[in-house]
Structure formats: structure tokens, C-alpha cells
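Working notes for the structure below.
Every read-out reported here was derived from the displayed coordinates using simple, explicitly stated rules and does not represent laboratory data. Owing to the predicted nature of the structure, the values given are computational and were not obtained by experimental measurement. Virtual Cβ from ideal backbone geometry, glycine too; neighbours counted across all protein chains shown.
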Amino acid sequence: MNTLTNKRVLLGVSGSIAAYKSPDIVRRLQDLGAEVRVVITSGGREFVSERSLQTISKNKVHDNLWDKDAELSMGHIELAKWADIVIIAPASANTIAKLCHGKADDLLSTVILATSATVMIAPSMNQQMYASLAMKENLQLLKSRNVIIIEPGFGEQACGDVGEGRLAEPIDIAQQAAELFLSNSLSGKKVLITIGGTIEAIDPVRFISNHSSGKMGMSLAHACIQAGAKTTLVVGSISIEVERRAETIFVTSASEMYDAVMNNITSQDLFISCAAVADYRPSKVSLNKIKKTSSIKSIQLIENKDILASVCKLKDKPICIGFAAETENLISNAKHKLKNKKCDAIILNDISNSEIGLKSDENEVHFISEKNSEKIDKNSKQIIAEIIINKIAKYFF
Ligand code: CTP
């Protein structure tokens, strides 16, 4: 059961006809245990009464950046610090554009700039406005800044149009907020994660490797630590900083990664195989640099051990989560890997799309287990990692 118990939610209500649903959003958030305060914009006030929001939230509704009394009690900085999460629902086109530009010309936009809390927005507007290029680019920009977009629904709109742009249902907004707080979901658990690419030497100078940056694995490491797990990393070739709160073992080749995993797998509760492990290595590593004039014109390869499959075969195996980096027949290839390697779930990502996957800061994946196949929409790798960890906690622990 998702919960918002002891969580402080600041609900921003901006100028969209769907603002009339905001008292229901407050209710749904409270049903999940949240304490809710509301900030309303001048546009929002046109569509819903402050009195309703005040009565339901049981708190004063905040609306004025320049209110001296409010600044003495709970001003914009206090509100920004108070919130564990800020949800703007409905988020109008104008409010979204203001967030993109970092404007601070009213209380809501100022609070957003001043908060370090997670920000979620639920867009709500006419379908043509939602489909506009400006809106698409604005939402993309906000996603790249880790703002979570609660996708609008499709259907008949207040203006009579039919299309995408209806505010998401209040209960779904509350549920999506609660999903972010499945923290401590791995409390007391031990997790081992492989991260990055492996390097297979040809001679002292050359090697075979791949484009893995390690971003997805490191995001998973952050998410596991946030969720309370004792986290160990086996790290190959990466181009990012290492999560300092984890115990880290650095390796170079697939064989070293195999040994590091096998030496540390006992007593782990969860194994996440995120590394891009080379399937093959040169059969001979030349001790000296191979000269251009040498007779060697091709490299003989031999197969590396499959680390994930080996862990899955262990008698007391931990929960095993693999990754499937695919360019074609995505779902069927991933299901094939799930079955062949006998792991508990596979995270599928489409590496043919340069906007997501290997070097990108964003990803879009499918979480595939024997029982479930769920798409996790495009988002920053950190948010994707948190959603993956929440799902693992929910399904396996
Ligand atoms: N994997 C592993 N050891 C290997 C190869 C892969 O542990 N020697 C793991 C990866 O970390 C990933 C999963 O297996 O979790 C799938 O890796 P992927 O490269 O997508 O698949 P392969 O099994 O290598 O198959 P193919 O390259 O044919 O797609």
C-alpha cells in the first residue's frame, strides 16, 4: 500500500478550469496520510474558491508573495523548506512556461525556485495547446531538470474539444506522489550492483569495450541507498562520479567483474546486473604492443562467463534483476533473456534511440517479470532508477 504518512505536500493550484478539482486532490492526498498546504495563483482563484481549499486542507491558503503577515508566519522560503514534495495540479500552460524560465513573479513560481523538494506537475489545458511545440519543448526542459510530469488524460474537455490535456484523475495524482516515497523500502537489505562497461585487453595499449557511461547503474545505487539498502558496487569503466556512500570494488575486465561479484554475493538480498559486460575477450593478450608490421590481422575471441546467469544459478540466489539493451524485437528479446538467464525481472531499454540509453541522461524502460510488463515513461535516469527500485521493493520484498 502506497502511503504519504508524515509527508508534507504543497499543492500549487494554477489557472485552469480543472482547478475546480483541486479540493478533491487535497482530499486524496490526505487519504494517503499527507499534510497538505495550498498555494494558489491569481488564475487559479478564478476557478476555485479559497474557502473550499482552506476548509478541506485545514490550513490557510497562501496566495500573495507580498503579504507581510504571511511572511511573518510562513513566507515563501518557509513554504519552500516545509514541503517534502510540491505538486502543481492543475499546471496551466502559463505556469509551466514560467517554471521553464525560472520566473519569480508570484508566490507559486517563487516557491518552486526556492525549494529543494521534488516537484511534480500535472498539466491541464486545451488539447491544441498541449500539442503545441512550445508546450512539448517546455515539458521536455522541465523533465531534464528532474521535474516529474503527471501525464494528462485523453477525453472530452471543458471547451468541447476532444483530445489529450485533461487533468489526470485526483486519485492518480495522489498515488503517483505516494510512489515516490516508498523509501526505506529496502531498509536492512543488502544490494550488489554491477555498473559500467568492461575492458578486454588486446595488448598493453588496445582493448575492446563499449559505450556504457555507468549513469543508469549509479542512479540505481543512489536509489538503493535512499531506500535504506546496504549497497555494494562492482564498477567497471565509467565516465561519472562514484556514489560515495556505497562500498565500491573497481574492476577492469569481465573476468575480474565475475570474480568480484562471486566473492561478494553471499548474503546479498538483491543483485542488479546493470553492467555492459563484454560477451567475448581476445583469446590471447599480447604482452608487448602489437606492431603494425606484425602478421596478426585478426583477433581470436573466446567467450566470457555470463555473470548474471551464474548468479541466478546459485543455490541461495538473491533476487536477480538484469538489463536487456536491445535494438530490435525489444520485448521478445527481453523476455527471452528473462527466461534464459532465469532472473526475476529484466529492465529493457531501447539503445537504438540515441535520446535514451547508454550515454544519455534520460531513459525509458520496460520492467518485465514473469507476471508484469510495465512501461516506465521517459524521464531522467535518477527518476527511472527510483521507480525501478520501488517496483522491486513492491514485487519482491
Ligand atoms: N550480462 C552478464 N554477463 C555477461 C553478459 C551479460 O552479467 N557476460 C548481464 C548484463 O549485465 C545484463 C544482462 O546480462 O544484465 C543482459 O546483457 P545484454 O548485453 O543485453 O545481453 P547478452 O546476454 O550479452 O546477450 P546479447 O549481447 O546477445 O544481447
Exercise. Say R0 is 45 Å: what FRET efficiency, to the nearest 0.05, do Ala104 and His211 get from their beta-carbon distance?
Worked result: 0.70
For this session: Compute the Kirkwood hydrodynamic radius of the chain, taking the inverse of the mean of 1/r over all pairs of distinct Cα atoms, and give it in Å to one decimal.
Result: 23.2 Å
Exercise. What aspartates and glutamates sit close enough to Lys291 to cross-link, taking a C-alpha to C-alpha distance under 13 Å and skipping anything fewer than 8 places away on the same chain?
Worked result: Asp203
Exercise. Between the stretch 220-271 and the stretch 159-173, what is the C-alpha centre distance in whole Å?
Worked result: 42 Å
For this session: Be a star and scan the stretch 297-331 for residues whose amide nitrogen sits under 14 Å from the point 7 Å along the Cα-to-Cβ vector of Lys339.
Result: 331
Exercise. Cα centroid distance between the stretch 1-49 and the stretch 341-395, in Å?
Worked result: 30 Å
Seminar exercise, completed: Rounded to a whole number, the Stokes-Einstein D of the stretch 190-396 in µm²/s (Kirkwood radius over Cα pairs; 25 °C; 0.890 mPa s) is 140 µm²/s
Problem set entry | Between 0 and 90°, nearest 10: helix 254-264 axis offset from the chain longest Cα axis | 70 degrees
Problem set entry | Reduced Cα scattering model of the stretch 143-245, Debye log10 I(q)/I(0), q = 0.10, 0.19, 0.23 Å⁻¹ | -0.52, -0.99, -1.17
For this session: May I ask you to compute the full-extension gain from Ile331 to Ala114, defined as 0.36 nm times their residue separation minus their alpha-carbon distance, rounded to one decimal in nm?
Result: 73.9 nm
Problem set entry | Per residue convex hull volume, Cα atoms of the stretch 1-101, in Å³ | 107 Å³
Seminar exercise, completed: If amide H atoms are modeled at 1.01 Å from N in the peptide plane, then the residues at a separation of 5 or more from Ile249, or on another chain, having amide H under 5 Å from its own are Leu233, Val234, Val235
Exercise. Going down the table (Lys136/Lys230; Lys143/Lys341; Lys335/Lys378; Lys7/Lys103), which pairs top 29 Å between alpha carbons?
Worked result: Lys136/Lys230; Lys143/Lys341
For this session: Name the shape class, rounded, prolate or oblate, that the alpha-carbon gyration tensor gives for the stretch 250-362, where a ≥ b ≥ c are the square roots of its eigenvalues, rounded holds for a/c under 1.5, and otherwise prolate holds if a/b is larger than b/c and oblate otherwise.
Result: oblate
Seminar exercise, completed: Mean 1/r over distinct Cα pairs of the stretch 302-397, inverted to a Kirkwood Rh in Å, yields 13.9 Å
Exercise. Under the definition of Cα pairs under 8 Å and six or more residues apart, what whole-number percent is the relative contact order of the stretch 190-396?
Worked result: 20 percent
Problem set entry | Sum of -39500 (n - 2.57) over DSSP H runs of 4+, divided by residues of the chain (222 nm, nearest 500) | -10000 deg cm²/dmol
Seminar exercise, completed: Total charge of the residues flanking Ser132 in space, meaning their Cβ is under 15 Å from its Cβ, with Lys and Arg +1 and Asp and Glu -1, is -2
Exercise. Local charge sum around Lys375 (other residues, Cβ-Cβ under 13 Å, Lys/Arg +1, Asp/Glu -1)?
Worked result: -3
Exercise. What is the Å³ per residue value for the convex hull set by the Cα atoms of the stretch 138-180?
Worked result: 74 Å³
Problem set entry | C-alpha long axis of helix 215-226 to longest principal axis of the chain, angle in ° | 60 degrees
Seminar exercise, completed: Amide H contacts under 5 Å for Ile85, restricted to residues at least 5 apart in sequence or on another chain and with H modeled in the peptide plane, are Arg8, Leu10
For this session: Starting from one equal scatterer on each C-alpha and no solvent at all, send me the Debye-based log10 I(q)/I(0) for the stretch 8-179 at q = 0.14, 0.17 Å⁻¹, two decimals.
Result: -0.65, -0.99
